[in-house]
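For reference, the structure discussed in these notes is given below.
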Amino acid sequence: MSSDSPAADGAPRDAAPLTLADYQRAAARTLNRSLTPNERLLDAAAGLAEEAGEVLGLVRKHLFMRHDLDRARLLIELGDALWCLTAIAGALDLTLEDAAAANLEKLRRRYPEGYSDEASRSAR
């Protein structure tokens, strides 16, 4: 998304890119504070599975039922999945930066020369 695209709330975005930390802080205001931390963790994990199913459904219909790919709806579902990831991280006192850094380190170890089919078969 370009920096002049509207923000999730429809307001024009500033020129500065949205960081993961900015997103995590802003999304935290919509957490259900009536739930315990463990309930928020389970709610967000279940929500992530639900949102992944929504993404899968859109892609499946596009590829196997010849529907147009609804990119606008896909963007919304990806945002919902990001919200769930954010809630899970927050429930565990982690940041999205923590998760991103850990994932990049894993990928560097698994694919030191970049992705290849061979490396994917031997990476365990």
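We did not get these values from a lab; they are worked out from the coordinates using the rules stated. It should be emphasised that the depicted structure is a prediction, and the values quoted were computed from it without experimental measurement. Quick reminder, even Gly has a Cβ in these numbers, built from the backbone with ideal geometry, and neighbours come from all protein chains shown.
Some points to look at:
- Estimated 222 nm signal from helices in the chain, with DSSP H stretches of n ≥ 4 weighted -39500 (n - 2.57), rounded to 500: -21000 deg cm²/dmol
- Within the listed set Ala28, Ala52, Ala102, the Gaussian network model of the chain (springs between alpha-carbon atoms below 10 Å) gives the highest mean-square fluctuation for Ala102.
- For the chain, the alpha-carbon radius of gyration amounts to 1.25 times the rule-of-thumb value 2.2 N^0.38 Å expected for a compact globular protein.
- Put in line by how crowded their Cβ is, counting other Cβ atoms within 10 Å and starting with the fewest, Ile88, Ile76 read Ile76, Ile88.
- Contact order relative to length of the chain, as percent, for alpha carbon pairs under 8 angstrom and 6 or more apart: 24 percent
- Kirkwood-type hydrodynamic radius, segment 28-88: 12.4 Å, calculated from all non-identical alpha-carbon pairs.
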